[in-house]
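Here's the structure we're looking at; comments come further down.
The values are calculated or read from the model by the stated rules, or taken from the named source; none is laboratory data. It should be emphasised that the depicted structure is a prediction, and the values quoted were computed from it without experimental measurement. Reconstructed Cβ throughout: ideal geometry from the backbone, glycine too, with neighbour counts over all protein chains shown. To get the accessible areas, we keep the full protein, side chains included, count just its heavy atoms, and leave off ligands, DNA and RNA. Shrake-Rupley method; radii C 1.70, N 1.55, O 1.52, S 1.80 Å.
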Amino acid sequence: MRQDCLIETLKRGVSPFETVEAGKERLLENGFTELNYGMQWKLVPGGKYVVNHHGTTLFAFTIGSNIKETIASKRTGEPSDMPLRMAAAHTDYPCLRIKPNADFKTDVYAQVNVEVYGGPILNTWFDRPLGLAGRVMVKSGNVLAPRTILYRSKKPLMIVPNLAIHMNRDVNKGVEINNQVDLMPVVDLLLQEETSTDYFLSYLAEELSVKKEDILDFELNTYIMEEPQYVGCKDTMLSAPRLDNQTSVCALLSAIIDAEREGGVNLIALFDHEEIGNTSKQGAASILLHDMVHRIFKNLGADEEMTEQVIYQAMLLSVDVAHGLHPNKAGKMDITNHPVLGKGFCIKQACSQSYATDAEAISIFRQICDSKKIPYQIFVNRSDVRGGGTLGSVASTLLPVKTVDIGIPLLSMHSARELMGAADIDALTDAVSTFFTL
């Protein structure tokens, strides 16, 4: 069932906008109420709520039926059991994004101008049929509120063709890719005399049933149109685009829906812009998570002092993918910590704090998993390899709580298609659900 849910999440989450829209729909179907951050809130014990922030970041939280008693215990100085528990993931992924004034042509080839978003393995994006997804802003009757249209192409619209090996004899030795020269997709062949020079924009306007001149701006990314597929003699592996970080998105949505805890608040945050450093109004480096927590508890009757007490007892799971042992490059892994696909999610550690973990937080989380016999592994980078980072270390600087970085181990991370152990989504979802329940 959880693997089916993951596959559906992968199919729908072809842009941060689609990921948030699909996640919101799933939450609303399971009894959550949508809130507008710019409007008045009236939260109630037992309530379940969802907030869409700028279209690409999603918050959801549940309020325990006994939350008033928990808040009251702060007034009397009685201890409480971690009343606030949070988990965060990200909605974006490395890809090619369309630039403004995108149309240009080379001889008979209609092309679009793109830029690289994040850190994809670029050579995996060649020769693949690419779709297009995101949002388009269109003129409306109110200049302060342009109309938003979510768009997803129903067919492949473009392709980045490789240069034949006969013209590039060293390609298999490794050839540098120039982002401005080599990655420009072809969108059509101009086999007849064309007077228009904005063929892509014209096509987009036709798709949206709007006038070309009414399109004000857009945020559109390419996506791999190939669907997830099981791999292996016994279907033990799953190959798919966007496993980073739709695996975590799926697990957090499932956990916030399934988990119940009477005495506290459970909260998930699905941030945008992790792949480019988190620094935006909808990224983990914004003050939004801090403000969200304060607003929730203030609405429930807690004063500033009580809210600070709750925060400093809180805990955050930063849920992003990890690296699995590569069978052909085993030497790239740490000599004593080398997780593999299919044996559970990873707890990620780094003394540099690129993964936001400490011994106390890890010990708490290991005991949570051990209590339910949930399989997990430890990931640490080789000492001579600089690893990546996650949103956890960023978010915890603005909301200083105990934080643990976890995630499903992958092969081919940031490739157009990534590879995971199919069963690992069960372990990750169980871990987050247990964290939200105990």
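For every residue, the table says whether it meets (1) closer than 30 Å to Phe126 by Cα; (2) out of contact with any Lys or Arg (no Cβ under 6 Å at 6 or more places or on another chain).
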residue	(1), (2)
Ser371	no, yes
Val380	no, yes
Ser383	no, yes
Arg386	yes, yes
Ser396	no, yes
Asp405	no, no
Leu410	yes, yes
Met413	yes, yes
Ala427	no, yes
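The strands (runs of 3 or more DSSP E) found entirely in the stretch 179-236 that carry 1 or more residues being closer than 12 Å to Ile98 by Cα and not aliphatic (A, V, I, L, M) are 215-224. Checking the structure you have, find out if any residue of the stretch 247-254 is closer than 29 Å to Ile159 by Cβ and open to solvent by 10 Å² or more (accessible area, probe 1.4 Å). Scanning the stretch 247-254, I find no residue that is closer than 29 Å to Ile159 by Cβ and open to solvent by 10 Å² or more (accessible area, probe 1.4 Å), so the answer is no.
Residues that are among the polar types (S, T, N, Q) and assigned to a helix (DSSP H, G or I) within the stretch 138-172 comprise just one, Asn172.
In the stretch 74-95, of all residues being open to solvent by 10 Å² or more (accessible area, probe 1.4 Å) and among the polar types (S, T, N, Q), the one that is nearest to the chain's Cα centre (by Cα) corresponds to Ser80. Once the stretch 328-346 is narrowed to residues that are out of contact with any Lys or Arg (no Cβ under 7 Å at 6 or more places or on another chain) and among the hydrophobic types (A, V, I, L, M, F, W, C), the residue that is most open to solvent (accessible area, probe 1.4 Å) is Ile335.
Residue by residue, here is whether (1) under 22 Å from Glu18 (Cβ atoms); (2) open to solvent by 80 Å² or more (accessible area, probe 1.4 Å); (3) of a type in the set (Phe, Trp, Tyr) holds:
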residue	(1), (2), (3)
Val112	yes, no, no
Ile121	no, no, no
Val138	yes, no, no
Arg147	yes, yes, no
Ser153	yes, no, no
Ala164	no, no, no
Met167	no, yes, no
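Restricting attention to the stretch 112-134 and to residues that are in contact (Cβ under 8 Å) with a residue 60 or more places away in the chain and aromatic (Phe, Trp, Tyr), the residue that is farthest from Asn278 (Cα to Cα) turns out to be Trp125.
Only a single criterion out of (1) loosely packed, with under 14 Cβ neighbours inside 10 Å; (2) out of contact with any Phe, Trp or Tyr (no Cβ under 6 Å at 6 or more places or on another chain); (3) within 19 Å of Gly131 (Cα to Cα); (4) modelled with pLDDT of 95 or more is not satisfied by Leu189, namely (4). Applying the criterion of being outside any loop (DSSP other than H, G, I, E, B) and among the β-branched types (Val, Ile, Thr) to the residues of the stretch 395-428, the residue that is surrounded by the most Cβ atoms within 10 Å (Cβ to Cβ) is Ile406. For the stretch 26-60, the set of residues classified as in contact (Cβ under 8 Å) with a residue 60 or more places away in the chain, open to solvent by 60 Å² or more (accessible area, probe 1.4 Å) and of a type outside the set (D, E, K, R) consists of Asn30, His54, listed by residue number. Residue count for the stretch 298-327 satisfying the condition of being touching a Pro at 6+ places or on another chain (Cβ under 9 Å), assigned to a helix (DSSP H, G or I) and either open to solvent by less than 10 Å² (accessible area, probe 1.4 Å) or free of Cβ contacts under 8 Å to residues at least 40 places away in the same chain (or both): 2. Quick check on the stretch 20-43. Is at least one of its residues assigned to a loop (DSSP other than H, G, I, E, B), at positive phi and not aliphatic (A, V, I, L, M)? Yes: the stretch 20-43 contains one or more residues that are assigned to a loop (DSSP other than H, G, I, E, B), at positive phi and not aliphatic (A, V, I, L, M).
The listed residues are Arg12, Arg2, and the only one of them that is more than 22 Å from Ala302 (Cβ to Cβ), free of Cβ contacts under 8 Å to residues at least 60 places away in the same chain and touching a helix residue (DSSP H, G or I) at 6+ places or on another chain (Cβ under 8 Å) turns out to be Arg12. Can Glu176 be described as assigned to a loop (DSSP other than H, G, I, E, B), over 24 Å from Ala416 (Cβ atoms) and either in contact with a strand residue (DSSP E or B) (Cβ under 6 Å, 6 or more places away or on another chain) or free of Cβ contacts under 8 Å to residues at least 24 places away in the same chain (or both)? Judged against the criteria, Glu176 is not a match. Scanning the stretch 123-136 for residues that are open to solvent by 30 Å² or more (accessible area, probe 1.4 Å), outside any strand (DSSP E or B) and not polar (S, T, N, Q) turns up Asp127, Arg128, Pro129. Against the test of being closer than 29 Å to Trp41 by Cβ, open to solvent by less than 10 Å² (accessible area, probe 1.4 Å) and acidic (Asp, Glu), the options Asp272, Asp291, Asp258 yield a single qualifying residue, Asp272.
Tell me, which residue of the stretch 365-394 that is in a loop (DSSP other than H, G, I, E, B) and among the hydroxyl-bearing types (Ser, Thr, Tyr) is farthest from Gly342 (Cα to Cα)? Top of the filtered list is Ser383.
For the stretch 306-351, a residue qualifies if it is among the β-branched types (Val, Ile, Thr) and within 30 Å of Val265 (Cβ to Cβ), and the qualifying residues are Thr307, Val310, Ile311, Val319, Val321, Ile347.
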